[in-house]
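Novice: My questions all concern the structure below.
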């Protein structure tokens with residue numbers, strides 16, 4: 001039996017895009033226990049509800065994170081719309097769905113690049129990020145912003161898509177689909193990728209359930225849990241099935257997210273074909289009074305938005321439960337028994353978003 | 001594709017039933033998806049949300065807690081609740097006992113104490129804590145009944161002191177002044 005030692009991992013580490021600290025109790029290079037420590041970039045955004053009225057809070061919610069920005073704005077708007085009984089126009093619902101799926105694509109491509117970087121496959125990393133640029137170009141072309149595009153408002157959206165933009169998106173989707181097929185071949189056919197991901201960090205379906213895992217991380221363990229199935233926005237009118245895998249290892253997580261990019265392409269195409277004519281938003285009257293809890297499927301998993309208003313223009317409480325926060329316990333469980341050399345790839349495999357987590 | 005349209009339910013329960021209710025949710029194989037805290041009408045409103053993996057039905061269990069009350073941890077039923085509990089404890093100052101994996105105020109690296117508790121609730125919490133402290137001090141200094149029975153004048157019980165303080169000078173008047181300040185201050 002070797003000597004136990006505690007190795008600090010993070011907050012600054014080559015595989016970590018954002019600061020999280022783990023105290024790893026290690027014996028013979030095998031992790032026995034992992035104790036997470038967050039809180040390096042806590043900003044207290046939720047506390048701003050006392051200083052910004054419910055319309056201005058949309059912009060605060062969007063700035064929770066640069067990657068999941070659109071989803072945060074949409075989740076917040078949905079929650080406020082629910083307590084104010086606002087019926088959002090059908091066209092706005094479809095537009096939100098289109099932008100949400102584009103955001104999911106760029107988030108997953110970012111993650112795939114980071115994962116390739118984590119196991120040292122630099123050219124794959126560049127390729128994933130090159131494809132991601134096409135998605136960001138689409139977002140810029142249609143909204144004016146690449147990451148934080150502030151198109152949501154309580155009652156609908158600010159911007160519309162014209163025929164040229166719709167054609168531009170469809171052309172780009174074809175290109176992305178073609179490029180993704182090449183990347184997919186490398187991810188699933190390359191021996192070095194398989195070696196670094198197969199059988200690493202296995203999380204069973206039962207463990208994923210018991211530890212409250214969410215998103216593609218949970219779906220890679222066989223949990224068929226996708227909030228889009230609840231039919232919010234225009235998802236109820238689109239045809240799709242959640243993508244799941246049963247292996248529960250790092251390879252399965254790559255598989256699920258890669259397939260979800262193809263799924264998002266299909267969803268955007270469907271939504272563009274079905275895009276109804278009509279208004280973009282409706283006027284909102286009165287003040288929010290009551291409480292609502294809304295769940296949406298962010299790229300990293302289920303996000304929960306809770307708002308509580310007392311008939312004033314300032315909400316009493318706004319709370320975001322982010323998917324990474326839900327995935328922390330499962331990450332710690334997954335790290336138990338892992339090789340120290342695999343810790344980097346395991347941490348990246350949950351797609352941690354610390355900005356969201358600490359808000 | 002089947003659109004599920006899940007049901008959302010709210011259950012208001014007293015604090016004494018919290019652990020039993022949470023245990024029942026665990027037995028029903030529900031998943032804890034979040035715990036949320038808010039200061040509402042000078043009370044903490046703690047919301048525990050559970051969901052069913054198949055039907056997506058969500059149950060929110062609501063508990064109202066006094067600003068200086070302590071609630072039990074639910075880590076026995078849901079071990080991963082400790083992250084939520086540490087968060088509530090640090091950001092709102094909610095007192096939670098027996099957290100399995102208590103970070104003792106070091107979960108978030110923040111300089112301000114209870115940063116998300118609004119000013120009104122913070123003030124009310126301080127006043128209430130002062131009252132509790134004063135009442136405890138008075139109870140500690142109260143002479144033993146056996147001593148007063150020998151011939152001295154018995155010191156009134158705290159409740160009587162409070163009543164007496166409303167009419168004339170007395171030990172209880174200090175608490176009443178605090179209350180007056182709170183009511184008249186318009187905070």
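The values are calculated or read from the model by the stated rules, or taken from the named source; none is laboratory data. Note that the coordinates shown come from a computational prediction; the quantities given were computed from them, not determined experimentally. Note that we place each Cβ from the backbone using ideal geometry, even for glycine, and neighbour counts take in every protein chain shown.
Novice: Select from the range B:1-25 the residues that are under 24 Å from residue A:229 (Cα atoms) and in contact (Cβ under 8 Å) with a residue 24 or more places away in the chain and write down the one among them that is farthest from the other protein chains (Cβ to nearest Cβ).
Specialist: B:25
Novice: Among the residues of the range A:131-144, what is the count of those that are touching a residue at least 24 places away in the same chain (Cβ under 8 Å) and under 20 Å from residue A:17 (Cβ atoms)?
Specialist: Here the count works out to 5.
Novice: Any residue in the range A:300-317 that is out of contact with any strand residue (DSSP E or B) (no Cβ under 8 Å at 6 or more places or on another chain) and under 29 Å from residue A:134 (Cα atoms)?
Specialist: yes
Novice: Now, a different point. So, in the range A:347-359, of the ones that are within 11 Å of another protein chain (Cβ to nearest Cβ) and touching a helix residue (DSSP H, G or I) at 6+ places or on another chain (Cβ under 6 Å), which residue ends up surrounded by the fewest Cβ atoms within 10 Å (Cβ to Cβ)?
Specialist: A:359
Novice: So which of B:35, B:96, B:74, B:110 is away from every other protein chain (no Cβ under 12 Å) and either part of a strand (DSSP E or B) or modelled with pLDDT under 85 (or both)?
Specialist: Of the residues listed, the single one that is away from every other protein chain (no Cβ under 12 Å) and either part of a strand (DSSP E or B) or modelled with pLDDT under 85 (or both) is B:96.
Novice: For the range A:173-229, name all the residues that are buried (at least 16 other Cβ atoms within 10 Å of the Cβ), in a loop (DSSP other than H, G, I, E, B) and in contact with a helix residue (DSSP H, G or I) (Cβ under 6 Å, 6 or more places away or on another chain).
Specialist: Selection gives A:200, A:201, A:203, A:211, A:212, A:213, A:214, A:220, A:221, A:222, A:223, A:225.
Novice: Keeping to the range B:42-58, report how many residues are surrounded by fewer than 19 Cβ atoms within 10 Å (Cβ to Cβ), within 11 Å of chain A (Cβ to nearest Cβ) and either in contact with a helix residue (DSSP H, G or I) (Cβ under 9 Å, 6 or more places away or on another chain) or part of a strand (DSSP E or B) (or both).
Specialist: 1
Novice: Name the residues in the range A:321-346 that are touching a strand residue (DSSP E or B) at 6+ places or on another chain (Cβ under 6 Å), closer than 23 Å to residue A:45 by Cβ and either more than 13 Å from every other protein chain (Cβ to nearest Cβ) or touching a residue at least 24 places away in the same chain (Cβ under 8 Å) (or both), would you?
Specialist: A:322, A:323, A:328
Novice: Right, next: If we keep just the residues of the range A:231-262 that are within 14 Å of another protein chain (Cβ to nearest Cβ) and surrounded by fewer than 18 Cβ atoms within 10 Å (Cβ to Cβ), which is nearest to residue A:201 (Cα to Cα)?
Specialist: Top of the filtered list is A:241.
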